[in-house]
Amino acid sequence: MFWYSGDTSARAQNPSGSQAGSSGMTVRGTSPQGSTVTMPSASTNPQGGNADTANNPLAAADQLFAAGKIAEAGARYQALVNADPKLVAAQVGMIRCYMLLQKLDEAQTAADAALGLEPNSWLLQLTLGDLRFAEGKMPESERAYVKAENLKPDAAAPYLGLARVYRVYSLNRRAYDNLKRAHEVAPNDVQVQVLWFNSLPHQDRIPALEAYLASPNVNPQVARQLQQFLSYLKKNADAPTHACKLVSNVQETNTKLDALPRPGTKLGASGLAVKINGEEMRLALDTGSSGVLLGGTAAERLGLKKLANMPIMGVGDSGQQGGYTAVVDRIRVGDLEFQDCIVRVSEAATPVTGEDGLIGSDVFGAYLVDIDIPGAKLRLSPLPKRPDETAHPAALKTLPADSQELESEGEEGSHAAKAQANLPKDAYVAPEMANWSKVLRFRGLLLVQTKVDGAGPLLFLLDTGSFSNILSTRAASKITQIRSEPGMSVKGMSGTVSKVYTADKATLAFGRYEQDNQDVVTFDLDPVCKQTGTEVSGILGYNMLRIMQTKIDYRDGLVDFVYDPKRLPKQVKLGK
């Protein structure tokens, strides 16, 4: 969520030298986005940073990289490439340094040069897959990972890269299959194995890990480390799950959307009256947020007790803000009531002025979500059943989901005979949704393919919490003219954004619609890019979404925009 005031009043995947890294974080938290990809060391030197760096320039560059001195490491890799353009390890290191420094154009130039010399290097193809993912070019990313897999079928990293791509497409079964393959080809890689076991449903992790350790072929050193992980799982096995389960005998509901004030603008926002532990709270409905976030004042009023620290992170120049998790007994939304739920709490009195907190629309991801702002209604109804599918209990997702666990749709406590049926499933497009738009899902965040003045498609965040449509400075500078706006300030969960610009004009085309935008607000969206691990070029915000009915199927990664011609501003028209 962003809002603004002033005179207007109106990632890259972290490619460290270690074997694994995680991509992104939530909009207002610090948990990983969910796709963790193992990366081979930039150096092929088996000793890595422990080598004699004085006599090994590549090992010295790797050591700088591992220490987080990315600019210095990049200069060393560049010198090595200048001396030997075919040194793949140095090429890879240089490309990854550019990615971490958010210099994607330079990374692309370096990748093109390297692949021109070594087109059949699996490590370069893998790195190209990472770069394409960071650029938001998912089909190209998939192709590069597939080529890396074909060139090096016994390496885990290409399979993990493919799992990450499939996951954002809601192709959870394909993601599962690739994670499983990585698990099989890298039995002695502890981090790959931990990643695999963490991808399983909670109730299956301990039995699967015990069965794995019972194998006589497990490397003793790997077994010792996995035994420590098993001990950790067992220690926490009896901890409450706080599943936030539906207890009312209702499967759908209509809830009134209230108009809420927003600082610095007449547009306002849309929110819900939500009863938490019997007390009514005013929560802003935010498609750009995840889970339930309460302000400190509301949490104190409810008497909530801290469960664990969880810093809050969002757009703004102030970095992480204080926060924690807490358990609430009951949450009631319309006719639906859920029990035993975890929420996040900001140490700030209120995360948004004049409201008790935020509720991300992904909270209702077990339902078909219909946000009808013109009609002032939030409708929740059952998702379309897959062929031969049986219903399963609904639950609210009040806390961002486990960062690594793949979504499955079976019941908890499944027996082995049901294991196949309860595996994660790929997205299903029901016949009545054939014309809906595919979105990329990064946990609770939805990225919509959008063209800007015919360029693209680029990825835009769907965000009813943003006051307006927004262009990133990086995208705007390539497409149109931008100018500084010192009298305008933009505020997010991490404070105020100091450098705000406006773009002269931009026409946005998404789904079946397009809109001409004058004086588009523009600022650095790097925090959002880091959260997702991919290039986010803009935001579809409240100023436009308020005249549309937005339907979301989180399970299958689908969205549909419906407009009422009587409420349609003149600058919005049906796309050709």
Mind listing whichever residues of the range 84-117 are more than 17 Å from PHE65 (Cβ to Cβ) and among the charged types (D, E, K, R)? ASP84, LYS86, ASP105, ASP112
Taking only pairs six or more apart or across chains, which ones have beta-carbon atoms under 8 Å, a first residue in the range 417-434 that is among the aliphatic types (A, V, I, L, M), and a second residue that is part of a strand (DSSP E or B) and modelled with pLDDT of 95 or more? ALA427/LEU171; ALA427/LEU558; VAL429/LEU558; MET433/ASP553; MET433/LEU558; MET433/ASP560
Could you tell me which residue of the range 266-306 is farthest from LEU446 (Cα to Cα), considering only residues that are modelled with pLDDT under 85 and touching a strand residue (DSSP E or B) at 6+ places or on another chain (Cβ under 7 Å)? GLY268
Scan the range 59-84 and report the pairs whose first residue is polar (S, T, N, Q) and whose second residue is modelled with pLDDT of 95 or more, with Cβ atoms within less than 8 Å and a gap of 6+ or a chain change. GLN78/MET94
Answer yes or no: is there a residue in the range 197-204 that is of a type in the set (A, V, I, L, M) and within 24 Å of GLY365 (Cα to Cα). yes
Scan the range 150-199 for residues that are outside any helix (DSSP H, G or I), farther than 16 Å from GLN225 by Cβ and touching a helix residue (DSSP H, G or I) at 6+ places or on another chain (Cβ under 6 Å) and jot them down. LYS152, ASP154, ALA156
State whether the residues of the range 158-170 include one that is surrounded by 15 or more Cβ atoms within 10 Å (Cβ to Cβ), closer than 27 Å to TYR428 by Cα and among the basic types (Lys, Arg). yes
List the strands (runs of 3 or more DSSP E) inside the range 493-576, counting only whole elements, that have at least 3 residues being modelled with pLDDT of 85 or more, over 27 Å from SER381 (Cα atoms) and not charged (D, E, K, R). 500-510, 513-523
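One line per residue, one yes/no per condition, for (1) of a type outside the set (Lys, Arg); (2) in contact with a strand residue (DSSP E or B) (Cβ under 7 Å, 6 or more places away or on another chain):
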residue: LEU462; (1), (2): yes, yes
residue: ALA475; (1), (2): yes, yes
residue: LYS499; (1), (2): no, yes
residue: ASP504; (1), (2): yes, no
residue: GLY538; (1), (2): yes, yes
residue: ASP553; (1), (2): yes, yes
Residue pairs qualifying under the 8 Å Cβ cut-off, at least six apart or on distinct chains, with the first in the range 467-486 being under 14 Å from THR507 (Cα atoms) and the second being aromatic (Phe, Trp, Tyr) and surrounded by fewer than 22 Cβ atoms within 10 Å (Cβ to Cβ), are ALA476/TYR501
For the range 444-458, give me each residue that is out of contact with any helix residue (DSSP H, G or I) (no Cβ under 6 Å at 6 or more places or on another chain) and within 14 Å of VAL559 (Cα to Cα). LEU445, LEU446, LEU447, VAL448, GLN449, THR450
For the range 440-448, state whether one or more residues are among the hydrophobic types (A, V, I, L, M, F, W, C) and either more than 21 Å from the chain's Cα centre (by Cα) or at pLDDT below 90 (or both). no
Qualifying positions in the range 228-279 - of a type in the set (Asp, Glu) and not in a strand (DSSP E or B): ASP238, GLU252
Being assigned to a helix (DSSP H, G or I) and either in contact with a strand residue (DSSP E or B) (Cβ under 6 Å, 6 or more places away or on another chain) or crowded, with 24+ Cβ neighbours inside 10 Å (or both) is the filter here, so list the residues in the range 135-148 that pass it. SER141, ALA144, TYR145, ALA148
Can you confirm whether ASN217 is out of contact with any strand residue (DSSP E or B) (no Cβ under 7 Å at 6 or more places or on another chain) and modelled with pLDDT under 95? yes
Within the bounds of the range 124-145, is there any residue that is among the aliphatic types (A, V, I, L, M) and over 22 Å from ASN178 (Cβ atoms)? no
From the set of residues in the range 313-343 that are modelled with pLDDT of 90 or more and charged (D, E, K, R), which is surrounded by the fewest Cβ atoms within 10 Å (Cβ to Cβ)? ASP329
Within the range 191-198, is even one residue more than 30 Å from TYR232 (Cα to Cα) and surrounded by 18 or more Cβ atoms within 10 Å (Cβ to Cβ)? no
Out of ALA186, ALA155, ALA208, ALA223, I need the residue that is at pLDDT 95 or above and either farther than 21 Å from THR532 by Cβ or surrounded by 19 or more Cβ atoms within 10 Å (Cβ to Cβ) (or both). Which one? ALA155
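The values are calculated or read from the model by the stated rules, or taken from the named source; none is laboratory data. Everything numeric here is computed off the predicted structure, so don't read it as measured data. As a convention, Cβ positions derive from the backbone with ideal geometry for all residues, glycine included, and neighbour counts pool all protein chains shown.
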